[in-house]
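One structure is given below, encoded as structure tokens.
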Amino acid sequence: MKSLGVLFAPLLRARGIEVRVLPVPRELGIGLVPFSPLGHGFLTGTVRNENDFEEGDFRRGNPRFTGENFQRNLALADEVQTIAAQAGATPAQVAIAWLLAQGDDIAPIPDADPTSGGTGKVYQAGYEFAGEVTAVGNNVTTLAVGDRVMGTIPGSFAPYVLADHRHVLPVPDHLDYDVACALPTGLLTEHGALMTGGFRAGQSVLITGATSSIGLIGVQIAKALGAGQVIVTTRSASKQNLLEPAGADTVVVPGGQDLTGAVLDATGGEGVDVALDHVGGPAFAACLPATRVDGAVVNIGRLDTAESAIDLDSLSYRHLRVAGVSFGFTRPAELGAVNAAAGEQLLPAVADGRVRPLIDSTLTIDTAAQAAERLRSHQAHGKIVLAVP
């Protein structure tokens, strides 16, 4: 077991976890993932009366949220609101900060309720960001007010965000914020995946789904770190022109070519040292026989499907290592190490332009719905940046 999901928030009956529960997973080295850290709506301001719960909402009949307990929760939420106002923050930001202060092994995920697959309620959108530091905590020594940084945090579509100092990277001089904010997820994901695969300079790399915004950054990172050969796949022949400038040596279009055969042909029958798969499904299965003996296959995304039928002979006879990464669910302390390693090795390449994101367009935050629709319709070629006033 890597993590334990539990209701944990600074409200009535969601407390006491520190004493009764937290010591056990900490002793066993298991992380804690608090779901509904915003108090099931009390800390977002959406709940002020029991009648605010819609018909069929589980909170209408839950003793934790009705009667006397409802009023106690509301009073506690008002106390958090007072603290937030004094700090110039929102109650939600205070709640998340409180949880993060409970330990490095805690990674709160709003609406991550495993019993219902998420509440489906309104939440603050956004993940990547770039901007200027306006305040730092008392014990933070690596950052100062005025520093330009980029990073990831849930709810980043806001004028201010509360970020863990370990989870941000400096923005190189002369790099605009609208470029910097499109980098963090790609840098962490692709660099982390290469390191998970044991990549070393001079080795060959296969990247499937390479024209995705994350995959394209992966191509550039592999080249910047000294890959001897980068083989990529794209399902869209019209996007091939994006790949060679990024550093791809061989481009495979699976619809018209056999992926495994094309990779073996390009590597003299040996296969690649490390395969980074963003597609899943049959593409992931094809990566195994396309990887050389003692190589590694790392799954990053499931653009096609999350299910894959693999040939275990390819896995065993080639002595392959198979891993999966998803840094959005990495525990805070571990993510800090991933972030630091990526920054050390990649910021020079970001500064001199060898690693840059593909940006489809830059819009304002009031057109977020339009941006979301453009992404859903697969019209976007690269990241869509939202400018927040």
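Values quoted throughout were computed directly from the atomic coordinates according to the rules given, and no laboratory measurement underlies them. Here the structure is a predicted model, which is why all the values come from computation and not from measurement. Every residue, glycine among them, receives a Cβ derived from its backbone with ideal geometry; neighbour counts consider all protein chains shown.
Placing +1 on each Lys and Arg Cβ and -1 on each Asp and Glu Cβ, with no other charges, gives the stretch 22-101 a dipole about its Cα centre of roughly 200 debye. Spacing of the modelled spin labels on E373 and L315, each 7 Å from Cα toward Cβ, amounts to 4.4 nm. Contact order, relative form, for the stretch 186-329: 23 percent (alpha carbon pairs under 8 Å, 6 or more residues apart, mean separation divided by residue count).
What value, in deg cm²/dmol to 500, does the helix sum -39500 (n - 2.57) over DSSP H runs of n ≥ 4 give at 222 nm once divided by the residues of the chain? Each step should come with its number before you reach the end.
Values: 13 runs with 124 residues, N = 389.
So the calculated ellipticity at 222 nm is -9000 deg cm²/dmol.
In loop segments of the stretch 37-89 as defined by DSSP, the trypsin sites (Lys or Arg not before Pro) with at most 16 further C-beta atoms inside 10 Å of their C-beta are R48. Here the label points at N69 and W98, each 7 Å from Cα along the C-beta direction, are separated by 1.7 nm in the simple model. Summarise the long-distance tail of P(r) for the stretch 186-329 by giving the % of C-alpha pairs beyond 19 Å. Everything past 19 Å amounts to 42 percent. Computed over neighbours whose Cβ is under 10 Å from that of T267, the net charge equals -2, Lys and Arg +1, Asp and Glu -1.
Free of any GluC sites (Glu not before Pro) that DSSP assigns to a loop and that have at most 10 other C-beta atoms within 10 Å, the longest stretch within the chain is 56-306.
Comparing Cα centroids, the stretch 290-318 and the stretch 352-389 end up 31 angstrom apart.
Across the stretch 22-101, the volume of the C-alpha convex hull divided among the residues equals 112 Å³ per residue.
Which length gain, in nm to one decimal place, applies between A337 and A201 when the Cα-Cα distance is subtracted from 0.36 nm times their residue separation?
Residue separation times 0.36 nm, minus the Cα-Cα distance, leaves 46.9 nm.
Across the chain, C-alpha contacts under 8 Å between residues 6 or more apart give a mean separation that, scaled by the residue count, equals a relative contact order of 13 percent.
Relative contact order, whole percent, for the stretch 22-101 stands at 27, derived from Cα pairs under 8 Å and 6 or more residues apart.
For the chain, take the alpha-carbon Rg, divide it by the Kirkwood Rh, and send me Rg/Rh.
Radius of gyration relative to Kirkwood radius: 1.00.
Within the chain, DSSP assigns beta bridges of which about 20% are antiparallel (rounded to the nearest 5). Distance between the pseudo-spin-label points of T134 and R26 (7 Å out from Cα toward the beta carbon): 3.3 nm.
Each other residue within a Cβ distance under 14 Å of I207 adds +1 if Lys or Arg and -1 if Asp or Glu, for a net charge of -2.
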